[in-house]
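Beneath this line is the structure, given in structure tokens, with notes to follow.
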Amino acid sequence: MFAKTRPVTFKLRLCFFAIILLELSLGILISSLPIQAAAIEGLDQVVTTSTSLRDHQVNDTIYSTGTITHYVYLPVVSKPKGECLPIAGADYGSLAIPNWVEPERLAELHGDLNLALRGYSSTIAYLGLIDVGGPEDKNAPQLAGLFAVPHAPTFTTAYRVNNWDWDCDCRGDPITDPEVTLADLAASPTETVHVPPSGYEIGGGYEVLVLYASAERLTLKYTSEDNVIWGYTLHLENICVDPNLLALYQTLDSAGRHALPALRAGQALGRVRASGTIGVAIRDSGAFMDPRVRKDWWLGY
């Protein structure tokens, strides 16, 4: 039995006929977020199935069945968050990879390129610059350059990055030497993040290659090779990568990585997220280093 209810106006009938006919003819679901028609505020009558249109129309009146069996799919329109808006005037170039060889793994599945695969865990450690002995490289990347106005760091959390087992292509135990292998730096939400300068150049006036990019992380290399074997590598976590830079990376990565995005020293590459921190890990010839070391990464502070 179908209970009679108040007739739907002509305009509502026409609207729902159009929606259902469009969906049936095209077979396209234009959103992954279903909204039940019965939940639309102020709607007394509901067209529940295409059968209802055919079998339950009496005297030009559409009646509801009381059971929702049909869903209307509506497009989701959203505006990017302010923290992830493109950087005005940003222009990103690329460099060809010298002595290119076909990659053995997809970048997103590579334990040296996508830091999310390794993962990391917080640890209790001194949250400040530390002084250690050993050789110095005055040309090493200077992490104060991450900020538009370079300044001394405020460390908020220390982490240990996990090892990577290449035999099983899986994460291993946390790296314990050095004590800290990734740290969060305090920053202002939406402020721009920049390429830290070094005393090196990879050609064409560029400072780094982008070896990996996702919406929230980057892997930068201070040599022109598509690997982390030699030279410095910088991992940036929990940032808003500029959408234009991300799109360029995805295009070049999909094309076989014969070339990759290249950035200049000091160039803006993204923004700080609402969390107000930037995750930073730095490597020398593949080995993870301590980002708190003054003599290496924070000269003059």
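Computed with a 1.4 Å probe over protein heavy atoms only, the accessible area of Phe147 comes to about 10 Å². Using every pair of separate Cα atoms, the Kirkwood estimate puts the hydrodynamic radius of region 154-211 at 14.9 angstrom.
Summing charges over all other residues whose Cβ lies under 13 Å from the Cβ of Asp165, with Lys and Arg as +1 and Asp and Glu as -1, gives -2. Using the beta-carbon distance between Asn139 and Ala116 and R0 = 25 Å, what value does 1/(1 + (r/R0)^6) give for FRET efficiency, to the nearest 0.05? Working from the Cβ atoms, E equals 0.25.
With the simple model of a label 7 Å out from the Cα in the direction of the Cβ, Leu106 to Ser285 spans 3.3 nm. Just so you know, the averaged projected area of the alpha carbon convex hull for region 74-182 sits at 13.1 nm². Between Asp165 and Ser254, the distance separating the two model label sites (each 7 Å from Cα on the Cα→Cβ line) works out to 3.5 nm. Overall, the ratio between the Cα radius of gyration of region 121-196 and 2.2 N^0.38 Å, rounded to two decimals, is 1.32.
The values are calculated or read from the model by the stated rules, or taken from the named source; none is laboratory data. Remember, it's a predicted structure, so these values are computed and weren't measured experimentally. FYI the Cβ positions are ideal-geometry reconstructions off the backbone, even for glycines, and counts take in every protein chain you see. Each accessible area value is taken on the protein alone, full model and side chains, heavy atoms only, with ligands, DNA and RNA left out. Shrake-Rupley method; radii C 1.70, N 1.55, O 1.52, S 1.80 Å.
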